[in-house]
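Written below as structure tokens is the structure these notes are about.
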Amino acid sequence: MLPYIVKRLLKVIDNLFSSTKFGIFLLLVIALVAIVGTVVEQGRPVEYYYKLYGITATGWIMKLSINRIFGSLWMVIPTLLLIINLVYSTLLRLPAVIKSIAVPNKFHTFSKLNDTISIRDKEETAKRVSNILKSLHYKIYYLKDGSLFAHKGITSRFGFVIVHLSILIILFGALLGAIYGYKNYVVIDSGDTKPVPEINASIKVDRFWMNYWPDGSIKQYNSKLSIIKNGKVVHTQIIDVNHPMDYAGFRFFQSGYGKSYDKIKEAIAVLYDKKVDKVVAKPVLAQWNKWFDIGQYKARMVDFVPDFYFDTKRGYITSKSLDYNNPAVRLQIKGPKGTPPFVWEFLKYPGSVLKEFTNKDAIIISSITPIYYTGLQYAKNPGANWIWLGSAVMAVGFAMSFFMYYRRIYIAFNDNGNTLTISGISYRQSDLFAKEFRKIINRIKEKESV
Amino acid sequence: MIFSLMFFDVAFGFYAAAAVSYVAYFLFRREWIGHSSTLLFVLALLSNIATLVMRTVEIHHAPFTNLYESMVFFSALVAVIYLILEIRYKNKMLGVFVSIFLFLSFFVTNLLPFRMKVYENLNPALQSYWLEIHVATMFVGYSAFAISFIAALLYLGKSKWQNSFPFKHLPDADFLDNLGYKSIAWGMPFLSIGIVTGAIWANYTWGSYWSWDPKETWSLITWLIYAAYLHARVTRGWKKRKAAILAIVGFLSMVFLYWGVAFILPGLHSYGGAA
């Protein structure tokens, strides 16, 4: 009924998707795309490619999404084709496999393994042979003409179905992850609390600390976290790099740390008299944002930048980077008349703001103790459990395919019951089966003295 | 540290001696040379194992933390697999190639700079029992693939020049093909478990089971090539030659996964001592 061209097309599609060769081709295509994805670094800024490959090549890299190859059609199309190929060929081959094990077929003319044995008594031998095969866990069929059919390792014939199923489960998990997976990152200073809307609560970092090996290299990064809900601590846990925290469907990972870029923990403050060139008051350990008395002044540290920069055009102070290149602290000061209310103190250039302060005094800040922040990554991946399930199924499939094998034996009695013909064949592991076959023949011959 | 380094040199020496002896056996086919080859090989394996044991004693955990230690572990596994084969099939001919292979793997390991041969403190991400599980399964896979590589190479030679030297002394082509298949039938499940345990570990430590890091990607590439091999072997009308070629390509991919990624491509796995 169908037009010729459609029939033709269906035939081509059928040929293609039932073909193992096409499957092999797709496996290798995916491998090739993956190789490209490791040769061209992924997800870098445009400048990176430009510097490395020049402008023309960079244009192509962008146009063809080679910089994001793993999520691109380069990967998706062969994977989809592979799924179709895998499902179609599996379903197509399954009936043939079932047929090949279900029907005890009579004689393996094509079998390399066969032997003829003279016997004394047909009945007695038949019983003995079936006992031998039973002891080797063969399943035995007695055929109407008195011959015997036995086979073993049927499950192994279905190993490929299980492995293919496992790949579908894994890809399904990957798809779920791609759609519903969620990942975010939050930076919290030690001692601070930050809301994490995804879990409808706040996280307080009670403490961040590092452990060291005797030689000074870093052994572990740790954070003590508290989850605060409606003002109450509902959960407290210490995490490190290999021990994340699970909360409300999310997993929180210790994934970064650094020195805080907007505050410090404490510093030493001294009062310096320029005229007499001397420190004139006892040094004070100043806490962040806490008033302290020093000489005739009251002061507190209210702002901090790690890399001081004065934007002259816009007239404000900012930080050039997050590194402690030119750290500066802003002090709020109360004192006699003429004391400026705020002053920036440069840790690398002590006293440099002297002029702006009074003509005589300066508060010098030194020996700062930084506050560390902890970088928490939190993620939710509903696909992960499917991946683990798929992996377990794959292990079962591999065990069926590789550590078991299917073999069958056919035994017929000829010459009015004076001889027995035995033949055997195996699917895979022909060398193991040859050994087993020899053993069976020897055991049959044992009692048949000729 | 000194004892493991010392046993390494001893093992290196014995592998070299075993290689020479196996070659002599191959050429002259005297039984006593065959026996001494096996003896030298066993001594090499014992000192190889001693290297691992000493290193374990020195560092208090499994010696899987850098390229050097893993190469020693890998070599021991290959040697154990070969010895099992030699005993089971009562054939020493493969010993020539395996002992040369092991000599070469000790040779390249020995070329590593000294700082990469000594133990470095474990970085935080590596301090997990998954290190042992992941690396051990991965390396059982690697060593099985090494055997399949040797078998595939010899298969190609044997099927082409079966009656000329040196192939006429080798086991027949069917045996080599079967050996190659069996090694991959062991290697593939172990590689898969290795990849999965790596994914579980990554999911637990880095928050994602797969991030297309070069090492992960190359493990997938290797997996895909061996998957292609397994299908090529059951493809009707295809000679076993094609499968053998895929087994060789798969091994080269594994070598890149093992060494190439560490030295050429940066990524999460770059600790290995190389970067």
Exercise. Find all pairs meeting these conditions: Cβ atoms under 6 angstrom apart; at least six residues apart or on different chains; first residue within region A:176-193 and hydroxyl-bearing (Ser, Thr, Tyr); second residue surrounded by 13 or more Cβ atoms within 10 Å (Cβ to Cβ) and not in a strand (DSSP E or B).
Key: A:TYR180/A:PRO382
Quiz item: Can you tell me which of A:PHE292, A:PHE253 is out of contact with any Cys (no Cβ under 6 Å at 6 or more places or on another chain), touching a residue at least 12 places away in the same chain (Cβ under 8 Å), within 14 Å of chain B (Cβ to nearest Cβ) and of a type in the set (A, V, I, L, M, F, W, C)?
Solution: A:PHE253
Quiz item: Can you name every residue in region A:29-43 that is at the interface with chain B (Cβ under 7 Å from one of its Cβ atoms), assigned to a helix (DSSP H, G or I) and either buried (at least 18 other Cβ atoms within 10 Å of the Cβ) or not hydrophobic (A, V, I, L, M, F, W, C) (or both)?
Solution: A:ILE30, A:ALA31, A:ALA34, A:GLY37, A:THR38
Quiz prompt | Tally, over region A:210-225, of residues that are within 14 Å of A:LEU376 (Cα to Cα) and either free of Cβ contacts under 8 Å to residues at least 24 places away in the same chain or surrounded by fewer than 16 Cβ atoms within 10 Å (Cβ to Cβ) (or both) | solution = 1
Quiz item: Somewhere in region A:144-167, is a residue touching a helix residue (DSSP H, G or I) at 6+ places or on another chain (Cβ under 8 Å), open to solvent by less than 40 Å² (accessible area, probe 1.4 Å), touching a residue at least 40 places away in the same chain (Cβ under 8 Å) and on the phi > 0 side of the Ramachandran plot?
Solution: yes
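Go through region A:17-28 residue by residue and tally those that are free of Cβ contacts under 8 Å to residues at least 24 places away in the same chain and more than 7 Å from chain B (Cβ to nearest Cβ). Before you say what the answer is, go through the steps one by one.
At the first step, the residues of region A:17-28 found to be free of Cβ contacts under 8 Å to residues at least 24 places away in the same chain are A:21, A:24-25, A:28.
Imposing the further condition that a residue be more than 7 Å from chain B (Cβ to nearest Cβ) reduces the set to A:25.
Residues flagged as free of Cβ contacts under 8 Å to residues at least 24 places away in the same chain and more than 7 Å from chain B (Cβ to nearest Cβ) within region A:17-28 amount to 1.
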Quiz prompt | Residue in region B:122-142 that is open to solvent by 50 Å² or more (accessible area, probe 1.4 Å), more than 25 Å from A:LYS435 (Cα to Cα), touching a Ser or Thr at 6+ places or on another chain (Cβ under 6 Å) and assigned by TED's automatic domain parsing to the domain that holds B:TRP223 present | solution = yes
Quiz item: Which ones in region B:179-205 are surrounded by fewer than 22 Cβ atoms within 10 Å (Cβ to Cβ), at the interface with chain A (Cβ under 7 Å from one of its Cβ atoms) and modelled with pLDDT under 90?
Solution: B:ASN203, B:TYR204
Quiz item: From the set of residues in region A:415-435 that are part of a strand (DSSP E or B) and touching a residue at least 24 places away in the same chain (Cβ under 8 Å), which is farthest from the chain's Cα centre (by Cα)?
Solution: A:THR419
Exercise. Output yes when any residue across region B:154-167 is open to solvent by 20 Å² or more (accessible area, probe 1.4 Å), modelled with pLDDT of 85 or more, assigned to a helix (DSSP H, G or I) and within 14 Å of chain A (Cβ to nearest Cβ), and no when none is.
Key: no
Quiz item: What pairs can you find where one residue is in region B:1-23 and of a type in the set (Val, Ile, Thr), the other is assigned to a helix (DSSP H, G or I), and their Cβ atoms are less than 7 Å apart, with a gap of 6+ or different chains?
Solution: B:VAL10/B:SER47; B:VAL23/B:VAL96
Practice problem: Could you list all residues from region B:210-224 that are within 18 Å of A:PHE160 (Cβ to Cβ) and either more than 7 Å from every other protein chain (Cβ to nearest Cβ) or touching a residue at least 24 places away in the same chain (Cβ under 8 Å) (or both)? | Solution: B:TRP223
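The values are calculated or read from the model by the stated rules, or taken from the named source; none is laboratory data. What you see is a predicted model; the values in this text were computed from it and never measured. Cβ: placed from backbone, ideal geometry, glycine included. Neighbour counts: every protein chain shown. Ligands, DNA and RNA are stripped out before the accessible areas are found, and what is left, the full protein with its side chains, is counted by its heavy atoms. Shrake-Rupley method; radii C 1.70, N 1.55, O 1.52, S 1.80 Å.
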